[in-house]
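Structure, as structure tokens:
The values are calculated or read from the model by the stated rules, or taken from the named source; none is laboratory data. Not measured: the values here are computed from a predicted model. All Cβ positions, even for glycine, are placed from backbone atoms using ideal geometry, and neighbour counts span all protein chains on display. The accessibility values were calculated without ligands, DNA or RNA, using every heavy atom of the protein model including side chains. Shrake-Rupley method; radii C 1.70, N 1.55, O 1.52, S 1.80 Å.
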Amino acid sequence: MMPEEWPIAALAADPDAPARAAGGGRLATVRADFFLDPAGRLTEQERALMTAMLHCLVGDIADEMRAALPVGWAAANDEDNARLTQALTRSRLLDDAELMALLLRRADEERIATAVRARSGRRDARVVQGLVSHQNSAVSAAAMALILARGRRRDRFGQCLVSFDDLAPATAERLVYAIAAFLRRDLAGTRSEGETDFELTRAAARLLASREGERSLEALMAELVRLLDESGALTDDLMLAAAQEGEAAFLATTLGWRAGIPADLAMDELQSGEPKRVTALLRMTGLGRQPCAGLLASLGDLLGLNDPGEAMSVFDRMTDEQVSAARVWLSTAQAYRQALRLLGGHHG
């Protein structure tokens, strides 16, 4: 069972925490917070994990930026990074949809993996590790690359992290230049404005050029799945084993590959909490009935499906025409689907 709260998130219980502002000054924020749908709000675990990942990511980028500046210009320290994150948060420069989606996806993956490990009593997943000894050398190498990348995205306490390489190009650019803008403010008065702007923008450009999208977890996972499919090893049993070990990212990537849709979209459908959408995705992949039943029995409640039997009933009743319509819907442009949802129209 997952704990309801983590100590890192229990700020209200800190007797030394600063007093919070009272009265009407908080009214706009309180009103927005008070009427949020409880079903969609972050849990304390999710908030704590996403906050920690974000702070580490921003701090790492800032340290890289400072290191790229001329010697003696800026020194990195944790206090500066804390001020940086606070300033960017208050100015809403961190309120980036793609960045938040990445953090939430990582938090969901961690939540599912932790819950499954707690149930099974296992401390580690073995599906991907087992592929290191695969007879196909390309599959073996891809599995090892993914395992090493996952290891680099854990701190010394085992907390999951987000790497600069995991960011989408546009997100990386916005974040790097937001951090550069903060550093400019810190350097004001110590150098001429022209010199400061030149060095900061050059450091930002170098950092952006160093980003290797092919080393992101998503790219490494997709490459492994592609090679598994080409070698004939992307079997129903492998996908079921991934579900039983809480390998949500691997499972979503395999489902997306088989269905012909992006992995992040497959993950969205998988976590929709709607039996029709989840079973349509499973039917699109050609996954057999028994593996589907096993998958839902293993992860159903963690995906918002508390009655696997009901979901399998939907699975059995779904016609080929409905599956085809779902495939077409998921292959349309994201902007189109989002517009229809906002207009209260088709939901897939």
Per residue, how much accessible area does the chain have with a 1.4 Å probe, in Å²? 55 Å²
With the Cα gyration tensor of the chain in hand, give its eigenvalues times 5 under a square root as the equivalent ellipsoid semi-axes, listed largest first in whole angstrom. 38, 26, 21
Just to check, using Stokes-Einstein with a Kirkwood Rh over alpha carbon pairs, what's the diffusion coefficient of region 41-149 at 20 °C and 1.002 mPa s in µm²/s? 126 µm²/s
Cα lying deepest toward the dipole's positive end in the chain, options GLY194, VAL30, ALA326, charges on Cβ: VAL30
With the cut-off at 17 Å, report for region 218-272 the share of all Cα pairs above it, as a whole percent. 27 percent
Pull up all non-local amide H partners of LEU69: gap of 5 or more, or a different chain, and H-to-H distance under 5 Å with H placed in the peptide plane. none
Exposure ranking of PHE182, PHE198, PHE35, PHE164 by accessible area [1.4 Å probe, largest first]: PHE35, PHE198, PHE164, PHE182
For region 318-327, in order, what is each residue's ³J(HN,Hα) by Karplus, 6.51 cos²θ - 1.76 cosθ + 1.60 with θ = phi - 60°, in whole Hz (x at glycine and Pro)? 5, 8, 4, 5, 5, 5, 4, 5, 5, 5
Just to compare against my own numbers: the Cα pair-distance distribution for region 195-316, 5 Å bins, whole % per bin, please. 2, 11, 19, 21, 14, 8, 6, 5, 5, 4, 3, 2, 1, 0
Out of the total accessible area of the chain (probe 1.4 Å, heavy atoms of protein only), what percent is carbon and sulfur? 54 percent
Among 167-173, 239-245, how do they line up by average Cβ neighbours within 10 Å per residue, starting with the highest? 239-245, 167-173
